[in-house]
Amino acid sequence: MKRQISNTTLRRLFTAVDGFHTLAPWRWMGDREVVAVRDPASDRIAYCVAMGMEKTCFGLEAMLGDRGLLAYRKALASNPDVMDLDTLHIKDSLLLFLDERKDLSPEDVDLVKASGMKCSGLHAWPRFRRFEPGFYPWLMNEQDAAFMAVCLEQVAEVAFRAMKDPKVFGPRDHRTFVACIPTQKDGQITWRDEFITPEPLERVIRIQPKVDQASLAQAFQGVQKTPMIWEADCFFGHMPVAEPGERPHYPWCYMITDQASGFIFDIQLTNNDYGAGFIDRMCEAFKKHQIAPAKVLIRQSHLMSVFLALESFGIKTEIVPDLPMIDEARMGMFKAFEQGMFGSSGTSSRKKKSAKK
């Protein structure tokens, strides 16, 4: 990973980190104290939460735009005792982790050295990552680093005022936030506080199903119809892949299981098409096992347009909130991946949570 941050931005970023670390706002800021910051350079908005109150992970997460706000609300509504395998893949955030020296990669150490910052002690070594849906966490580029510096500066400024006047944060209801709004005049930026109650745009997935009726009919030849109920889902896989020189990404995964036994009829990695080609995997399952179910359960409504083609063969499709056998299989895959990548000690450390994210 090659550094893409200019020296000017790097100095500002690490100066902001030093001020944030010295202030240690996580002592009085948790997930209720959200500070929204608008980027004066791009008009992006970030919903910033200090990490550290739970003493498991220290730093700052700047959740970007509608996706960031949706991820924040999803985290608040989730059960903290149940691991959500999709949390990583819905993040659209800039993150600063304040770690120990041993937790940093060589690229992180090089960044610290280039900044000239002196680090020592626990939770004093900065590690920056850019999270984007479908991609492996990566180093920040120039624009992201500049915005993270702004977020750190503004959060520290608001947090400092809030030590004496907690009303600065607003109602702390997870919906109304204090926002730092920039105004530019004659090349100078001034900031004002404003309370906002944003509602994220609803993201609707629309796909063009890839259904070949002739291939579907052929797949049914010699297939025995059963009263079985199958679960079907598509999601990001757990192991990132990448071409040389490219940022690693998570492949799309199709999975079909039996609801009663948990038997996996089909699993396939593919390009990210949100399930448009799922019917091909169903055909492969029919041909391989020579059986077909009476019903297919899905939980993503956009997949209904894919599986409607099965109705002409007497197979119903139903949208349900949970797919327990799919989730059990996914958890098994996740644990096997973590065990292989990090060993037994790495698995437990990966389960640490930070301020409900």
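Each reported figure results from applying straightforward, stated rules to the coordinates on display, with no laboratory input. This is a predicted model, so every value here is computed, not measured. Positions of Cβ are backbone-derived with ideal geometry, glycine not excepted, and every protein chain shown enters the neighbour counts.
Taking 122, 269, 13 in turn, the Gaussian network model of the chain (Cα-Cα springs below 10 Å) assigns the largest fluctuation to 122. For the chain, the longest principal axis of the C-alpha atoms and the axis of helix 65-77 are separated by about 80°.
Counting Lys and Arg as +1 and Asp and Glu as -1, each charge on the Cβ, what is the dipole of the range 156-209 about the Cα centre in debye, to the nearest 20?
The calculation lands at about 100 debye.
Taking the Cα centre of the chain as origin and assigning +1 to Lys and Arg Cβ atoms and -1 to Asp and Glu Cβ atoms, the resulting dipole is close to 680 debye. Ranked by how many other Cβ atoms sit within 10 Å of their own Cβ, fewest first, the residues 174, 21, 89 fall in the order 174, 89, 21. Applying both filters, DSSP loop and at most 11 other Cβ atoms within 10 Å, to the trypsin sites (Lys or Arg not before Pro) of the range 1-71 gives 2, 55. Here, the range 7-196 has an Rg and a Dmax of 16.0, 52 Å when only alpha carbons are counted. Per-peptide packing, taken as the mean over residues of other Cβ atoms within 10 Å, places 290-298, 198-206 in the sequence 290-298, 198-206 from highest down. About its Cα centre, the dipole of the range 213-332 is roughly 280 debye, where the only charges are +1 on Lys and Arg Cβ and -1 on Asp and Glu Cβ. With both labels modelled 7 Å from their Cα along Cα-to-Cβ, the residue 272 to residue 66 distance reads 1.7 nm.
Please go through the residue pairs 287/316; 225/288; 55/102; 55/167 and name each one whose alpha carbons sit more than 21 Å apart in this structure.
Details: 287/316 19 Å; 225/288 14 Å; 55/102 18 Å; 55/167 24 Å.
Pairs exceeding 21 Å: 55/167.
Note on the chain: GNM, Cα springs under 10 Å; of 139, 23, 70, the largest mean-square fluctuation is that of 23.
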